[in-house]
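Asks: Here's a structure for you.
The values are calculated or read from the model by the stated rules, or taken from the named source; none is laboratory data. Model, not experiment: these values are computed from the prediction. Here Cβ is always computed from backbone atoms with ideal geometry, including for glycine, and neighbour counts include all displayed protein chains. Surface accessibility is based on the protein's heavy atoms, side chains included, excluding ligands, DNA and RNA. Shrake-Rupley method; radii C 1.70, N 1.55, O 1.52, S 1.80 Å.
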Number of protein chains: 2
Amino acid sequence: MPTIVVDVMPKAELLDPQGKAVVGALGRLGIEDFSAVRIGKRFELTVDGEVTDEVLAAAKKIADDMLSNSVIEDVVGIEVVE
Amino acid sequence: MPTIVVDVMPKAELLDPQGKAVVGALGRLGIEDFSAVRIGKRFELTVDGEVTDEVLAAAKKIADDMLSNSVIEDVVGIEVVE
């Protein structure tokens, strides 16, 4: 069954304390290859049937209204897989 | 600067209560296009410099050891962007 993947990340101008914690832990472990880590969410929406334009529009609407908080997050990607 | 994106999802055989809650809410709102929702994490690792094979190997190692809990989660993707 087709799946729509929605990626949501914290806005670039906001601190991401989880990501900061990870990058700090990496530093303490001696891994210095990464200068920043940001942590967001990935939603997999399984579509019942075909991915029509309406289904895609519905996915975009719920990505904006329900899956992300537009005050602190951006929807960075919506793509259909398989 | 190049970024390595790591996607982590709950294992398919496990319940995902957050996703179940979203799909239930969609049903109550009258949106019936989606039969399932699963919620995972998306990590953006900013690389200091070039993405060499070693950096990619380091990213894979921390994806398995630190960014995911292999008991309940799978690393479903590691890709370099821009």
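Asks: For residue B:34, which of the numbered conditions (1) in contact with a Phe, Trp or Tyr (Cβ under 6 Å, 6 or more places away or on another chain); (2) without any contact (Cβ under 8 Å) to a residue 24 or more places away in the chain fails to hold?
Replies: For residue B:34, the exception is condition (1).
Asks: Moving on to the next point. Name the residues in the stretch B:1-15 that are within 27 Å of residue A:19 (Cβ to Cβ), more than 8 Å from chain A (Cβ to nearest Cβ) and either assigned to a helix (DSSP H, G or I) or among the charged types (D, E, K, R) (or both), would you?
Replies: The one that is within 27 Å of residue A:19 (Cβ to Cβ), more than 8 Å from chain A (Cβ to nearest Cβ) and either assigned to a helix (DSSP H, G or I) or among the charged types (D, E, K, R) (or both): B:11.
Asks: Out of the stretch A:50-79, which residues are within 12 Å of chain B (Cβ to nearest Cβ) and β-branched (Val, Ile, Thr)?
Replies: Listed by number, the residues that qualify are A:51, A:52, A:55, A:62, A:75, A:76.
Asks: For residue A:34, only one of the following conditions fails: (1) more than 10 Å from chain B (Cβ to nearest Cβ); (2) over 18 Å from residue B:39 (Cβ atoms); (3) not small (Gly, Ala, Ser). What is its number?
Replies: (1)
Asks: Next up: Looking at (1) part of a helix (DSSP H, G or I); (2) in contact with an Asp or Glu (Cβ under 9 Å, 6 or more places away or on another chain); (3) open to solvent by 60 Å² or more (accessible area, probe 1.4 Å); (4) closer than 22 Å to residue B:58 by Cα, can you tell me which one residue A:18 breaks?
Replies: Condition not satisfied by residue A:18: (2).
Asks: Among the numbered criteria (1) closer than 30 Å to residue B:20 by Cβ; (2) at pLDDT below 95, which single criterion is violated by residue A:29?
Replies: Among (1) closer than 30 Å to residue B:20 by Cβ; (2) at pLDDT below 95, residue A:29 violates only (1).
Asks: Is it the case that some residue within the stretch B:53-62 is in contact (Cβ under 8 Å) with a residue 12 or more places away in the chain and not aliphatic (A, V, I, L, M)?
Replies: So far as the stretch B:53-62 goes, yes, one or more of its residues are in contact (Cβ under 8 Å) with a residue 12 or more places away in the chain and not aliphatic (A, V, I, L, M).
Asks: Count, please, the residues in the stretch A:46-82 that happen to be part of a helix (DSSP H, G or I), closer than 21 Å to residue A:14 by Cβ and either open to solvent by less than 60 Å² (accessible area, probe 1.4 Å) or not aliphatic (A, V, I, L, M) (or both).
Replies: So the count comes out to 4.
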